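Readers should treat all values here as calculations from the given coordinates under stated rules, not as data from a laboratory. Given the structure is predicted, the values throughout are model-derived calculations rather than measurements. Note that each Cβ is placed from the backbone with ideal geometry, even for glycine, and that neighbours are counted across all protein chains shown.
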Amino acid sequence: MKKYTWFFAILAMFYLSSCGDKKTFELLDASHTGISFSNDVKDNDTLNILTQEYLYNGGGVGMGDFNQDGLQDLFFAGNIVESKLYINKGELKFEDVTPKAGLDTKKRWCSGVSVVDINADGLLDIYVSVTMKTADTDRENLLFVNQGITNGVPTFKEMAKEYGVNDNGFSQHAVFFDYDKDGDLDLYVLTDKIDDSPAIYRPKVTDGSYPNTDRLYKNEYSETLKHPVFKNVSKEAGITIEGFGLGIAICDINRDNWPDIYVTNDYVSDDLLYINNQDGTFTDQAKKYFKHTSQAAMGNEVNDINNDGLADFVILDMLPKNNERKKQFLPANNYQNYVNSNNMNYTYQFMRNTMQLNPGVYDKDHVKQFSEVGLLAGMAETEWSWCPSVTDFDNDGYRDLLITNGFPKDVTDRDFMMYHAESGLLATQDMLLDQIPVIKVVNYAFKNKGNLKFEDVSKEWGFDIPSFSNGAAYGDLDNDGDLDYVVNNINDQAFVYKNNSIENSPNESHYLRLKVKSAKGTPAEAALMCKIEGKYDNGEYFYYEYSPYRGYLSSVDPICHIGLGKSRKIKELRILWPNDKMQVITNPGIDKVVEIKQADASLAYESILHPEKPYFADASSVILDHAQHQEFDFVDFNFQNLMPHKLSELGPCLTQGDVNGDGRIDFFMGGAKFTSGAFYIQQADGTYKARPLEKEFTMMKKMGEDLGVLLVDFDKDNDLDLYICRGGNENKANDPALQDVIYQNDGKGNFILIPTALPNFFESNSVVKSIDFDHDGDLDLFVGGRNIPFQYPKATNSRLFENVSKSGQIQFKDVTSSKAPELLNLGLICDAVVADVDGDKWEDLIIAGEYTPVQVYKNSKGKFAQQKETGIEKILGLWTSVQAADLDKDGDVDFVAGNMGENTLLQASSDHPVDVVHGDLDGNGIYDVFPFVHFVNEKGAFDSYPLHGKDDVNKMLITTKKRWVYFKEYGKSTQETFFTEEEKKKSTKSSFNLNSSVWIENVGGGKFKIHELPVEAQFSCINAIQIADVNKDKNLDIIFVGNNYGNEVFIGRYDASNGGVLLGNGKGGFKFYRDSGFEVPADAKSLIRIQNQFIAGQNRGPLKVFKLL
C-alpha cells in the first residue's frame, strides 16, 4: 500500500506544480482593474465603413506617471466615445479621473496619444491627435497641459491653440523630439487623409502641396507666454512628400547622433526615411536604405532585434496566416504594378509584415542596405495588424514581439468585393453592410528564440481572446520588474495584461531598468534621443533609443528595460546624450532601477561597437569604370502566371582566363538576348578594358541568352577558347537560338565562331564544366540542361561531350547515351562542379538543380553513374550553386551548396514539402504549373494548399472558374481535392523539402552529411560561391552572392542578401563576418576569382570588383 501512497503523492505534487505556473500574460478583469474603457464605434447609415474607409483605425494608449507617485497611469484615446484617464492606485487597480482631471475630448475623433512634458515643468502632459471630422475646428489636435496634482489627481488645461499645435490636418499620431538639437522639443505630426485613389500608381507629389503631407513644428520659446510656441517649418525643413501615414518612429539610423524620422505609409505611398541633414532640413532616403517594404504599412517599432547593437525595424501589414483567411483576402497578382513601382520611382512593396535588419551603418557616405527577414523570422503573416511591440517581455535577454490585430468589417474580403461589384446599383447600402463579414481574431505573441527565429506562443502566453485591437502600450504597471501590456480595443473593453514572468520564474527572469533624468530645466523627454548601448557578459550587445513613441498611436513606459534571463549580466553601459556627451557605467547590477543623469555625462562619445578589420576593399570604380550588365524585361508570367520565378533573368555569367597571351588574367561576361557578350582585357595597371565578343554586332543577330561560359584550350594550341551555353525562357522550344556555341581563339585574343564544333541541340542550358573524364589528355565537357521554354518545371537534357578535336579543328561528340545515360533525365540543372569525390583519381560530377538532391555522379573509368544512397539523396532543394573544397581538413572533398534560403513564403521541410504540380491539364497547349505550400488551416493543422489566390489559379486553368464560386470555398481546397481525377492523371509533381543553404560533409564511403550555414547565409538564395582563405588563418572560408529579383510578385523579390563572407574554423564551423568589406547588394548571379580580385556579376546592375587585402 505504501508504494501507492508515494505514487499518489508524486502525482499530486506534479498536478499542483503544473497548476501553479500561470501563463506569461494574465488578462485582468475590469472588476479588478477598474478599467472599463471601450472604444465603441457603432456604424449607421451615414457613418460606416462604406462612407469612411478609416472608420476602424482605432485609438492609442498613453502610459505615464501623471501624478508622480511612481506608478504608470493610463490614457485611452476614444474615437466616438470620450477619451479616458486612469490613475494607477497600485496592485494593478485604477481609477477613472477623467472629469476630475479636466479632460474633455467630446466631439473629437481622437487617434494618437503622445505623452510629453511640453513646458519643461517636470509634469507630464498629453497631446492627442484628432482626425475624421468634417469641420476644421472639430479636427484640431488637443494639448492637455498638466497644471499640478491635488490629492493624487493631476488636473489639465487644454492649450493647443496657445502653444500653436492645434493642427487640424487629419492627424494620426505625433512625436516630440529635438530635431535641431537646440535643447527643446519639436513636434512631428503624422497625417492620414483618405482620397479617391489611394491605391493608384501616379507621379508622387513631393512639393508639400498635397493635403496628405506630414508636418514639422519647430519649438520657439515665447518670453511673453513663458512657454513654447510651435511654428510650422515643414516646407523649409524638407517635409514635403505625400503619404497615408499610419506609423512613425524617431531613430538615429545613421549613427551621427542626429534624430532621423521613419514613417510607414498605407496604400501605394512609399514609406519615408527622413535623414537629418544637421542643418534643420531632412532628405528622404528610404530607397537608399530599404530594398522593399510592407505594402499597406501600419504601425512600426525600432529596436535591436538580434542583440548586435544596431537598431532594426518591425513594420506590420495585413496578410493572414490561416489559409482560409489568406485566400479570402489575396488580390490577383499584378505584374504591371510591380513595373509601375520601378517606373515611377516607388519602393517595391509586398503584402506582409517586414523585419528590416540593420547590416551595420558606420559610414554616412556609404549606406549598407537593410536585409528584410520577416519571412525567415516567422512573423510575416499575422492578419490585419496594427501595433508591433518589441521588447523583452519574458526577461530572457531577447526582445520579443507582440502584435495587435483586427478590423470589424472585412471590406477586403474577396467574396464581399465580388458581391459588391456584381450587385452594382441594385444593392442598397444596408444590403452591402449586411454582407461584410465580421470576424474577430486573436492578437499574436512571438517569443524571440535567438538567431533571428521567432516562435508563435500566442496561446501559451495567454493571447487567445479574439478582438478588434489597435493601439497598445507596454510598461511595468506593478513595479515588479517585468513588462505588462495594455491594448485599446474597438467595441470591447480594453485589455490589461499582467506579466507573470518573474512570478513564474524568478530565478530565470532577472532584469535591469534604466530611468533617464535629464539636465535641470529641460523635460525628461528632452532625452528622447538619448542612446543606450550595452554589452552582455556573453559578448552580445544591447541597443536602445530612448523614446516613448512606439508601435501604433501610442506612448509606452519611458524606461529602458533590459532582460537578463537566468545568469546574464551587463558588463558595460554607454549612454550618449543629445549634447554629444557620454557616460559609462560598468557592472550596473541586476533586478533594480538605475537612474542615469545627463549631468554625469562628460566623456567624448565612442561607440561600444567597433568595426572589425575588413578583408576586402571595393575597387569597382577604379578597376572596371562602371561596367554594367544590361537586359530587357521579359515577362515569363505572361506564359505561365504561377511559375515561382522567371527564367529570363539568370545572367550575367562570368569566366576568367588569359585570352590574349600577355600573362594577365582577363574575364568574359556573357550577354543577354540582343546583347553581345564582352571580354574585359586586363591592362598593365590592373584595370580592365571592355571589348565585345564580335566586332560587327547587331541586336537581331543575338537571339539567345548566355547562361554558362567557359574559357578552356579545347584544341591544345596553347590559347583559351570560349564555350557559351545558350538558354533562358525567351525563345520557343527547339529554337536554333538556343544552340550552344564555341568560339576559337586565334592566339591573339580574337575569337571566331566555329559552327561545326558541336552537335545540333536546340535546348536551354545553364552551365558548362570541363572534365577529362576519359583520361585521354584533353578536356571534355559536361553541359547542364535547364528548362524547356514555357514549360516550367519541365527540364531538358544534360549532356556529356567528348573532345575529339584535331589540330586546328575543334570538335565535340555527344557520348551521353553511352557514357552517362542518366544525365538525360537529370532535372532543372543550375550548377555543377568537377571533383574527385572518392579519391580514385577519376574526376566525378557534383550537380545541383531545382527539385533535386545535390547529386553525385561517380566516374568509373570514363563512365558515369549516379550514387544512389548518399545520405542526402532525399534532401531536395532549389539548389542554385555548388562548390567543392576540403572544408574540414580531413583530406577529402566537401561541398558548399547554395539554396533558396529560409526567407521565403515557400517554407519547406521533410514533413511539409513544397510541391509543384505541372502538365497541360486541360489540353489547350499551355503548360500549367501550380505550387502547393503547407499552410495552417482554421483548425490549427497544416495541409498542402495552393500558394496563389483564386483569381490567379483561374487564369492558369480556366476550368477552375466553375469549381469554386466563392473565395471561401476555394480557401478549403487542398492539394488532394484541388484537381479532378483526369487532371491528376495528366500531371507530374516536383517537390523540394529544404530551404537552407548548406555545406555537405564527405564522411567517406560514398556518404555525405548536411550542415546548415549560418543564418546570415539564409537571408536569400545563394547564386554563386567562391572558397578561399580570406583571413589567412589556413582555414577555408566561403564568399557568396545571391538574390533573385525575378520572382513571381506574390512571392516577392529575394533581395535580403548583401553578399557575405563566412569564416571557417577548419572543423566545419562557419561564422558570418559582418565587416568583411565584401558587399554585393543587388541581384547577383555570378562570382569569379582572379588572383586577389573577386568579381561579381549583377543582373541589370554594375559589375563589382573586390580586392582581397
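Inter-label distance, residue 541 to residue 1032: 2.6 nm, where each label sits 7 Å from its Cα along the C-beta direction. The C-alpha radius of gyration of the stretch 228-345, expressed as a fraction of 2.2 N^0.38 Å, stands at 1.23. Remark: relative contact order (the stretch 234-276) = 33 percent; criterion is Cα-Cα distance under 8 angstrom and separation of 6 or more residues. When only Cα pairs below 8 angstrom with a gap of at least 6 residues are kept, the chain shows a relative contact order of 9 percent.
Loop-located trypsin sites (Lys or Arg not before Pro) across the stretch 735-788 with a Cβ neighbour count of 14 or fewer within 10 Å are 748, with loop assigned by DSSP. Residues in the stretch 1044-1054 carry Karplus couplings, in order, of 8, 8, x, 6, 4, 5, 5, 4, x, 5, 8 Hz; the curve used is 6.51 cos²θ - 1.76 cosθ + 1.60 with θ = phi - 60°, and Gly or Pro positions show x.
If R0 equals 51 Å, the separation of the Cβ atoms of residue 507 and residue 907 corresponds to a calculated FRET efficiency of about 0.90.
Under the shape rule built on the C-alpha gyration tensor, where the axes satisfy a ≥ b ≥ c, the stretch 914-991 is oblate, since a/c reaches at least 1.5 while a/b does not exceed b/c.
Looking at the chain, the DSSP beta bridges with both ends there are about 95 percent antiparallel. Between residue 157 and residue 283, the C-beta separation translates, for a Förster distance of 51 Å, into a calculated FRET efficiency of about 0.85. How would the stretch 984-1053 be classified by its alpha-carbon gyration tensor: rounded, prolate or oblate, with rounded meaning a/c under 1.5 and the a/b versus b/c comparison settling the rest? Oblate.
Highest average first, the peptides 159-166, 997-1004 ordered by how many other beta carbon atoms sit within 10 Å of their residues are 997-1004, 159-166. With R₀ set to 56 Å, the beta-carbon distance separating residue 181 from residue 622 gives a calculated FRET efficiency near 0.90.
Using Cβ point charges alone (K and R +1, D and E -1), the dipole size of the stretch 914-991 about the Cα centre works out to roughly 160 debye. Placing unit charges on the Cβ atoms only, positive for Lys and Arg and negative for Asp and Glu, gives the chain a dipole magnitude near 1000 debye about its Cα centre. Taking label points 7 Å from Cα along the Cα-to-Cβ direction, residue 604 and residue 43 give a separation of 6.2 nm. The stretch 390-427 and the stretch 295-321 have Cα centres separated by 17 Å.
Evaluated at q = 0.11, 0.22, 0.24 Å⁻¹, the base-10 log of the normalised Debye intensity for the stretch 61-168, with identical point scatterers placed on the Cα atoms, takes the values -0.31, -1.18, -1.37. Pairs spanning more than 25 Å between alpha-carbon atoms, out of 863/985; 794/861; 498/531; 84/161; 950/989: 863/985; 794/861; 498/531. Using alpha carbons only, how many angstrom separate the centre of the stretch 273-291 from the centre of the stretch 798-812? Centre-to-centre (Cα) distance: 58 Å. Protection proxy ranking of 317-324, 446-453, 298-305, by the mean of other Cβ atoms within 10 Å over each peptide's residues and highest first, is 298-305, 317-324, 446-453. Cα-based values for the chain, radius of gyration first and Dmax second, are 31.6, 105 Å. Full extension of the chain segment joining residue 974 with residue 366 gains 214.1 nm, where the gain is 0.36 nm per residue of separation less the Cα-Cα distance. In the chain, the calculated helix contribution to ellipticity at 222 nm averages -2000 deg cm²/dmol per residue, counting -39,500 (n - 2.57) for every DSSP H run with n ≥ 4. Over the stretch 998-1109, the hull volume per residue, using the convex hull of the C-alpha atoms, is 121 Å³. Remark: C-alpha extents of the stretch 688-844 on the principal axes read 47, 42, 30 Å, sorted largest to smallest.
Between residue 699 and residue 460, the simple label model (points 7 Å from Cα in the Cβ direction) yields a spacing of 5.8 nm. Sorting 723-734, 569-580 by their mean Cβ neighbour count within 10 Å, with the most densely packed peptide first, gives 723-734, 569-580. Relative contact order of the stretch 914-991, taken over Cα pairs closer than 8 Å and 6 or more residues apart, is 37 percent.
Candidates 243, 126, 1101 compared by Cα position along the dipole of the chain: farthest toward the positive end lies 1101, with charges placed on Cβ. Residue exposure proxy: 721, 434, ordered by other Cβ atoms within 10 angstrom of their Cβ from fewest to most, comes out as 434, 721.
The spacing between the stretch 109-180 and the stretch 853-890, judged by their C-alpha centroids, is 67 Å. Here the ratio of the Cα radius of gyration of the stretch 524-604 to 2.2 N^0.38 Å is 1.12.
Here the extension length gained between residue 196 and residue 691 equals 172.9 nm, from 0.36 nm per residue of separation less the Cα-Cα distance.
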